[in-house]
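To keep things clear, I will list the structure first and then write my remarks on it.
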Amino acid sequence: MKRTLTTLIAATLMALSMNAQDLKVISYNIRNSEAKDGTNSWMYRYAASAEMIKDQNADVLGLQEALPDQIRFIEQNFSQYKTAGDFASIIWNKKTVSLQKSGSFDAATWALFKHKETGKKFYV
């Protein structure tokens, strides 16, 4: 585990050497759709979530707490995105990055991507 974490940290640092304008990565705790959050429940938030995703137009989104219905919602409303993983999903813009490999460990999803414009590879 320690070796894997060290490798992922090193890969992340290498990815950070890309220019900021080359890649947009965001992390988003979407909060699961089954939570009983009153006026903050998914049925009241999904439109705002869609607007944020559209507005940000990220190359890669790391999602936390996403349930299958929420992942399907994103896939159905944003044809440019593909997904990997379950509750800690990674969504990527297939127009700007390509998935090279992916997997999971300790309830976390990881992925190796290639930025199509620069050819640089990076881990999320």
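The values are calculated or read from the model by the stated rules, or taken from the named source; none is laboratory data. Here the structure is a predicted model, which means the values were calculated and not measured. Please note that ligands, DNA and RNA were not included when accessible areas were found on the heavy atoms of the full protein model with its side chains. Shrake-Rupley method; radii C 1.70, N 1.55, O 1.52, S 1.80 Å.
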Once all Cα-Cα distances of region 23-124 are split into 5 Å bins that start at 0, what whole-number percent is in each one? 2, 13, 25, 25, 18, 11, 4, 2, 1, 0
Divide, for region 61-108, the radius of gyration over alpha carbons by 2.2 N^0.38 Å, where N is the residue count. 1.10
How would R45, R31, R72 rank on accessible area, largest to smallest, probe 1.4 Å? R72, R31, R45
Straight-line reach from K116: which lysines have Cα under 21 Å away, leaving out those fewer than 8 places along the same chain? K24, K54, K82, K94, K95, K101
